[in-house]
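What follows is a single structure, written as structure tokens, with notes after it.
The values are calculated or read from the model by the stated rules, or taken from the named source; none is laboratory data. Computed from a prediction, not measured in an experiment: that's the story for all the values here. Note: ideal-geometry Cβ built from the backbone for every residue, glycine included; neighbour counts use all protein chains shown.
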Amino acid sequence: MFVPIGIFFVLLFGRRLWFMSVISGILLTLAIEFAQLFIPGRVSDVRDLVANSLGTMIGVLVALVLTRAKARRLRTQRA
């Protein structure tokens, strides 16, 4: 479920700051899990944190692969 969020963060921050995309995704899922502690009927779970973080990382990798060709063309044009 966090794969699109990883893709979005790469598009937002750019390829050079891909690590910020991963950090932002992890912080977002931490905030969601923390908020669930205070909502009756909701359960915060470490497995959700791990799954969402992995989803973000997969999304970042997908975005980097999909934008690789365009980034290479832009780099060639600048040179």
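Odds and ends about this structure:
- From the list Gly55, Gly14, the lone residue that is surrounded by 14 or more Cβ atoms within 10 Å (Cβ to Cβ) and of a type outside the set (A, V, I, L, M) is Gly55.
- Any chance Leu74 is at pLDDT 95 or above and either more than 12 Å from the chain's Cα centre (by Cα) or among the aromatic types (Phe, Trp, Tyr) (or both): no
One line per residue, one yes/no per condition, for (1) over 27 Å from Arg68 (Cβ atoms); (2) more than 16 Å from the chain's Cα centre (by Cα); (3) not hydroxyl-bearing (Ser, Thr, Tyr):
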site: Leu17; (1), (2), (3): no, no, yes
site: Val22; (1), (2), (3): no, no, yes
site: Ile26; (1), (2), (3): no, no, yes
site: Ile32; (1), (2), (3): yes, no, yes
site: Gln36; (1), (2), (3): yes, yes, yes
site: Gly41; (1), (2), (3): yes, yes, yes
site: Asp48; (1), (2), (3): yes, no, yes
site: Asn52; (1), (2), (3): no, no, yes
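- Qualifying residue in region 54-68 (condition: assigned to a loop (DSSP other than H, G, I, E, B) and either of a type in the set (A, V, I, L, M) or touching an Asp or Glu at 6+ places or on another chain (Cβ under 8 Å) (or both)): no
- Inclusion of Ser53 among residues that are hydroxyl-bearing (Ser, Thr, Tyr) and touching a Phe, Trp or Tyr at 6+ places or on another chain (Cβ under 6 Å) is not warranted.
- Hits in region 1-49 - residues which are in contact (Cβ under 8 Å) with a residue 12 or more places away in the chain, assigned to a loop (DSSP other than H, G, I, E, B) and in contact with a helix residue (DSSP H, G or I) (Cβ under 7 Å, 6 or more places away or on another chain): Met1, Phe2, Arg15
- Filter result for the condition that a residue is exposed (fewer than 12 other Cβ atoms within 10 Å of the Cβ) and of a type outside the set (D, E, K, R), over Ile39, Ile5, Ile32, Ile26: Ile39
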